[in-house]
1. Is it true that some residue in segment 115-138 is touching a helix residue (DSSP H, G or I) at 6+ places or on another chain (Cβ under 6 Å) and either farther than 25 Å from TYR215 by Cα or of a type in the set (Gly, Ala, Ser) (or both)?
2. Please report, ordered by residue number, the strands (runs of 3 or more DSSP E) entirely within segment 1-104 with at least 2 residues that are aliphatic (A, V, I, L, M) and touching a strand residue (DSSP E or B) at 6+ places or on another chain (Cβ under 6 Å).
3. Does ASP14 meet the test of being at pLDDT 95 or above and exposed (fewer than 14 other Cβ atoms within 10 Å of the Cβ)?
4. State whether one or more residues within segment 75-98 are at negative phi and touching a residue at least 40 places away in the same chain (Cβ under 8 Å).
5. Might you check whether a residue that is touching a residue at least 12 places away in the same chain (Cβ under 8 Å) and farther than 21 Å from VAL78 by Cβ occurs anywhere in segment 38-46?
6. Going through ASP143, ASP157 one at a time, which residue ends up being acidic (Asp, Glu), over 19 Å from VAL225 (Cβ atoms) and at pLDDT 95 or above?
Amino acid sequence: MPVKPILFVKLHPDDNVVIATQSLGLGSKIEGIHVRDPIPSGHKVSITPISSGNAVRKYGQVIGYANTDISPGQHVHVHNLAFRASNAAHEIGKSVLSIDDLRPQQRMFDGYLRENGKVGTRNFIVILTSVNCSASAARLIADHFRGNTLADYPNVDGVTAFVHGTGCAMDPNGDGYANLQRVLWGYASHPNCGGVLLVGLGCETYQTDALMEAYDMVQNDRFRVMNI
């Protein structure tokens, strides 16, 4: 039996808008309501009448106020959504739910399970640089995979270069060095990265080996190092 596509996301029972997960045409039906406007993917559509001046709620939070009457099924965006000062006190973690509070079907999603137990929602191949001197090379590597070069790999979301302007002539005991190391590790270990290539020049202060030694990293199927 074919799986019925999910057309929208609604995370909180108090929400008066939902988020389209794909482009919706006129007449599409969500929550028993016929869509009145073309809704681009990722945009909001009203599921209740919202009178002018009333709050618009998304994911259980007030994100603005209607500046005109909004009917169910209408596109909610900058043309009918206004902002104003709020006196609400937002307490961190106040609305966090235990996983035991969720229905079984809310506890799972299609993702990418990594060796460390983390789960990604994307599967990118990432080109990292240890130094600004390898930034152009990293960009050129990523650019090679533009277009249809990944057509045979539908589960790969793309090849992306994350570059920076430091790594050379740094104080190895300074905050900048430590920050760079921590950020590179954050990218290299992120669950949305299915594969990582770390590109160095070879003469920089922050060597590729420094990252590997700091976090006990070894080259494997998902992590590779190249020095120019």
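The values are calculated or read from the model by the stated rules, or taken from the named source; none is laboratory data. All of these numbers come straight from a predicted model, not from anything done at the bench. Here the Cβ positions follow ideal geometry from the backbone for every residue, glycine too, while neighbour counts run over all protein chains shown.
1. Yes: one or more hits.
2. In segment 1-104, 17-20, 55-58, 61-66 are the strands (runs of 3 or more DSSP E) which contain 2 or more residues that are aliphatic (A, V, I, L, M) and touching a strand residue (DSSP E or B) at 6+ places or on another chain (Cβ under 6 Å).
3. Working: at pLDDT 95 or above: no; exposed (fewer than 14 other Cβ atoms within 10 Å of the Cβ): yes.
Against the criterion (at pLDDT 95 or above and exposed (fewer than 14 other Cβ atoms within 10 Å of the Cβ)), ASP14 does not qualify.
4. Narrowing segment 75-98 to residues at negative phi: 75-92, 94-98.
This time we only want the ones that are touching a residue at least 40 places away in the same chain (Cβ under 8 Å), so: 76.
Yes; the residues of segment 75-98 include at least one that is at negative phi and touching a residue at least 40 places away in the same chain (Cβ under 8 Å).
5. Restricting attention to segment 38-46, the residues satisfying the condition of being touching a residue at least 12 places away in the same chain (Cβ under 8 Å) are 38-46.
Narrowing the set further to residues that are farther than 21 Å from VAL78 by Cβ leaves none.
No; the residues of segment 38-46 include none that is touching a residue at least 12 places away in the same chain (Cβ under 8 Å) and farther than 21 Å from VAL78 by Cβ.
6. On the way: ASP157 fails: at pLDDT 95 or above.
Unique residue meeting the criteria: ASP143.
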